[in-house]
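Below is one structure, written out as structure tokens; the observations come after it.
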Amino acid sequence: MAISLGFTPTDVARCRFAYSPMFETLAAVRIATGLEGPGTGPHHRRWLQESGPRLRGLDLRPITLLQPRRGYTPDFLSPPPLAPSSDFEAELTHVAATPAPIVRREIEMSLLETPGAQASDVGRLLLGDPAEVLSLLTQLVRAAWQALVAPVWPRVRAALEADVEYRSRRLAEGGLDHLFADLDPTLRWSGGTLVREPGGSEHVELAGQGVLLMPSVFKWDEAIVITQPPWQPTVAYRARGLADLWQPTLGSPDVALERLIGRTRATLLVGLGKPASTTWLARQHDLAPGTVSEHLKVLRDAGLVVGERHSHEIRYRRTRLGSVLARGGE
């Protein structure tokens, strides 16, 4: 059983990338509440340990009941991103403006996926006045964002943007053959058709709609294909670097190094464990790109980092001297 997408030349030209804080929040809820099963541990254990205490006293059952392990989740809860990068509050405002008939219809469709859901206490609550239910859900989604995702969003966003940069280069260098070769083990590209296997039993001719490719940190276990409106045909897939995402950074810069070159430059130097662009460093350390550029120029002039061109961007790496300083003289 498989789901497949048929491409035309127009669809090839209309592939785009985007990520969604709202999508990440709902996926994070699935992990934090156990909806994804026990296999989550190796990837998100450290994040779960850190975020778990923030969930105490927060009843997310109205959200989890609307996210069956296999089945329909209301589209209004996670609107498709229209821009490459989205703002959580902007997406939540979009959710809060959902018309009442759509709220009621999509909640009913979702509850039918779980036997007995409609008759449960939470199910009856969700089948109440749509305006009140929508207000409750937006409040809970915001609380989930604040507890689970917002504290780590700079790191998550940096991972998502790094993935988009990498995939965009793959697409530019070798077309869809190159892009889909390592996007996800469940995806296969052949003869102008993208196949997700195993999957449902469905073939969709894109007919000029193109495809939205959406990396995710919290939807880690498998690529998913979305074909129903209001979504543009979409492939959500696991972002690169997840195995290292929650590893602690190399620690606070040594006090002596801070005194020598300053806290911000020391932080950037210590954080350059692998080559990175100015944009990535800015996101990772929550700094303005211009600030990062100025500090990198000083570090480069001092012989501590060098910049190397990779396709359309400059990536910086530590020199041998920079590495010795960053490691405390080892």
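Among the residues of region 259-266, are any of a type in the set (A, V, I, L, M, F, W, C), open to solvent by less than 50 Å² (accessible area, probe 1.4 Å) and modelled with pLDDT of 90 or more?
Scanning region 259-266, I find at least one residue that is of a type in the set (A, V, I, L, M, F, W, C), open to solvent by less than 50 Å² (accessible area, probe 1.4 Å) and modelled with pLDDT of 90 or more, so the answer is yes.
May I ask you to list pairs of residues, at least six apart or on different chains, whose Cβ atoms are under 6 Å apart, with the first in region 3-26 being in contact (Cβ under 8 Å) with a residue 60 or more places away in the chain and the second being among the aromatic types (Phe, Trp, Tyr) and crowded, with 18+ Cβ neighbours inside 10 Å?
Pro21/Phe88; Glu24/Phe218; Thr25/Trp145
If I ask for residues that are at pLDDT 85 or above, out of contact with any Phe, Trp or Tyr (no Cβ under 7 Å at 6 or more places or on another chain) and basic (Lys, Arg), which ones from region 155-187 would you list?
Hits for region 155-187 are Arg157, Arg169, Arg170.
Any idea which of Arg69, Arg16, Arg105 is of a type in the set (Lys, Arg) and within 23 Å of Leu206 (Cα to Cα)?
Just a single option satisfies the conditions, and that option is Arg16.
Pairs please, first residue from region 175-202 and under 15 Å from Leu213 (Cα atoms), second anywhere and among the basic types (Lys, Arg), Cβ atoms under 6 Å, 6+ apart in sequence or on different chains.
Correct list of pairs: His178/Arg170; Leu179/Arg170; Thr186/Arg196; Leu187/Arg196; Val195/Arg188.
Is one or more of the residues making up region 53-60 in contact (Cβ under 8 Å) with a residue 60 or more places away in the chain, aliphatic (A, V, I, L, M), open to solvent by less than 40 Å² (accessible area, probe 1.4 Å) and within 20 Å of Pro215 (Cα to Cα)?
Checking region 53-60: not a single residue is in contact (Cβ under 8 Å) with a residue 60 or more places away in the chain, aliphatic (A, V, I, L, M), open to solvent by less than 40 Å² (accessible area, probe 1.4 Å) and within 20 Å of Pro215 (Cα to Cα).
Let's see how each residue does on (1) under 19 Å from Leu257 (Cα atoms); (2) under 32 Å from the mean Cα position of the chain (by Cα); (3) surrounded by 14 or more Cβ atoms within 10 Å (Cβ to Cβ):
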| residue | (1), (2), (3) |
| --- | --- |
| Ala282 | no, yes, yes |
| His295 | yes, yes, yes |
| Leu299 | yes, yes, yes |
| Gly303 | yes, no, no |
| Gly307 | no, yes, yes |
| His312 | no, yes, no |
| Ala326 | yes, yes, yes |
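Counting only residues that are open to solvent by less than 40 Å² (accessible area, probe 1.4 Å), give me the strands (runs of 3 or more DSSP E) lying completely in region 114-224 with at least 3 of them.
Output list reads 193-196, 212-216.
The values are calculated or read from the model by the stated rules, or taken from the named source; none is laboratory data. For clarity, every value in this text was computed on a predicted model and none was experimentally measured. Reconstructed Cβ throughout: ideal geometry from the backbone, glycine too, with neighbour counts over all protein chains shown. For accessibility, only protein heavy atoms count, side chains too; no ligands or nucleic acids. Shrake-Rupley method; radii C 1.70, N 1.55, O 1.52, S 1.80 Å.
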